[in-house]
Amino acid sequence: MLCRCVPVVALVVGAGACLQPPSIEAPPLPDDALPRVEGLAPIEDEDPAIDAVAYTLSARAADAELVTNAAPVQAWTFNATVPGPLLQARVGDDVTIVFTNELAEPTTIHWHGMRVPNEMDGVVEGEMRAVAPGETFTYHFIAPDAGTFWFHPHVRTNVQIERGLYGMFVVHEREADAPDVDADRAFVVDDISLDDDGDIAPFGVNMMEDMHGRFGNALLTNGSDAVATLSFAPGQVERWRIVNTANARTMILRFPGLSVRQIGADGGLWPQIACSPKEEIELPVGARAELEVRLAEGSTSASLSSVVLALDDNDDVVEIEVPLAEVELDATLETSSRAGHTANPTLALLDDGPATHTLTLSGANVPGGIEFTVNDFAWPEHEDWTVPQGELQIIEVVNRLGMEHPFHLHGQFFQVVSRTGEAVDDTGWRDTTLLRGQQRMRIATRFDNPGMWMIHCHILEHEENGMMSMVMVEPSSGHDM
Ligand code: C2O
Ligand code: CU
Ligand code: CU
């Protein structure tokens, strides 16, 4: 039997060096430029056309200064930075990414959450091959949905993501739907497991890591453990996009001193009726949250914090709130009169119904380690499951283990329609959602994107140890792929 203990980590809490607050008066952008997203360095768009973007990425080893007052970490990176550069497009844009693998091992880029054509999904299955060392592959697709997405390899995923291969991809709404905010800001939250010398700790050498996934001992926000201080003008309102790129750690985020409304998740912005104030958000690995953020009434300093469990001096497990970013009121700045998120994008969600398919997540100890399974198969073994394109499926996902699994489906969005044992709080379209130990849930999806799509737990050690399957969506006739 697998145990259900809570992984406890001693966190190396950063020295808390303060970064310069970003200037609020940013220089004006040219008319056709994409909106500015603070927090990450954007990549340069090489296509001058207004409805197309072209980017060049390479995967390569590079030193990354992740931890303050420590030697740089020998990372694997997209374009020599951790996270990789911010990729952006407008919904409907033609996107070209020329990707070269400069690593010594095969890799790919998967566009997590983006409903791209199957052959652009960056997985290694069927006809789809990995990009060999030295090889170049061009990814090309139309950005189908507005929202906050991310990209990462899909080969030895636990190792390659942990070493630094991940980045955010923002697909902007057309102007009318975009929130009216003082700033649009990205937070890529991660943890990394470093050894005593400050190097990336070896992989696959500990049983806890195989079982619960790899938990880091340093928290990184946009590639650093430094805590940035943001100055807010009176009345300032921002849009925050948060993605959890950790291997295994579900992030519990709190907002002391802030007034926060969740306005979207994986599949973009929600209409007002679905947006609600939040004091805490649980963000499973792979998932995204979109927030509308203001300083709370009367508060002059605040933070975005992550709750982690640690051992105190008596070896008791305690909760600590680690600040990821600080917010301070600067009363000398001009008062903002921005309205925030007021648009009402349509959200035609699917209803519950009898299950048309069941996916059972399980696992067992086997000689030499742990094997995780979906419907009793450990990847690359998998069940044959074919659905016709466009068919509504209600999938019952059953967790037979005591540990949680962030469930992820490629190529489509789904709606969580019911859960046992807890209320459904899964407004909007998702591609990743948490299934707790011994629980079950039903998700509804219309398989409208044809091809062979992966289904897996996003705890990367579970995925790599077998908890992955696939569904074949047969193109309907008259539909060209
Ligand atoms: Cu983040 Cu198979 O995906
Ligand atoms: Cu994915
Ligand atoms: Cu799992």
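The values are calculated or read from the model by the stated rules, or taken from the named source; none is laboratory data. Note that the structure is a prediction, hence the values are computed from the model and not measured. Note that each Cβ is placed from the backbone with ideal geometry, even for glycine, and that neighbours are counted across all protein chains shown.
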Checking 325, 364, 343 in turn, the sole residue that is surrounded by 12 or more Cβ atoms within 10 Å (Cβ to Cβ) and under 27 Å from residue 437 (Cβ atoms) turns out to be 364
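Taking the conditions exactly as written (buried (at least 20 other Cβ atoms within 10 Å of the Cβ), touching a Pro at 6+ places or on another chain (Cβ under 9 Å) and touching a residue at least 12 places away in the same chain (Cβ under 8 Å)), does residue 161 satisfy them or not?
Yes, satisfied.
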Out of (1) touching a Ser or Thr at 6+ places or on another chain (Cβ under 7 Å); (2) touching a residue at least 40 places away in the same chain (Cβ under 8 Å); (3) away from ligand 1 (no atom under 16 Å from the Cβ); (4) of a type outside the set (D, E, K, R), what's the single condition that is false for residue 407? (3)
Might you check whether a residue that is away from ligand 2 (no atom under 16 Å from the Cβ) and not aromatic (Phe, Trp, Tyr) occurs anywhere in the stretch 119-128? yes
Residues within the stretch 142-164 that are within 14 Å of ligand 2 (Cβ to nearest atom) and among the hydrophobic types (A, V, I, L, M, F, W, C), tallied: 5
Identify, from the list 222, 206, the residue that is under 23 Å from residue 156 (Cα atoms) and within 21 Å of the chain's Cα centre (by Cα). 222
Tally time: how many residues in the stretch 124-150 are out of contact with any helix residue (DSSP H, G or I) (no Cβ under 9 Å at 6 or more places or on another chain) and buried (at least 21 other Cβ atoms within 10 Å of the Cβ)? 6
Does residue 424 satisfy being free of Cβ contacts under 8 Å to residues at least 60 places away in the same chain and in contact with a strand residue (DSSP E or B) (Cβ under 8 Å, 6 or more places away or on another chain)? yes
Would you mind listing the strands (runs of 3 or more DSSP E) fully within the stretch 394-481 where at least 1 residues are within 16 Å of ligand 2 (Cβ to nearest atom) and either at pLDDT 95 or above or closer than 23 Å to residue 211 by Cα (or both)? 405-409, 432-435, 440-446, 451-457, 468-474
Does residue 461 satisfy the criteria of being of a type in the set (D, E, K, R), out of contact with any Asp or Glu (no Cβ under 7 Å at 6 or more places or on another chain) and within 16 Å of ligand 3 (Cβ to nearest atom)? no
Identify, please: which residue in the stretch 164-194 is over 26 Å from residue 326 (Cβ atoms) and surrounded by fewer than 19 Cβ atoms within 10 Å (Cβ to Cβ) and is, among those, nearest to the chain's Cα centre (by Cα)? 173
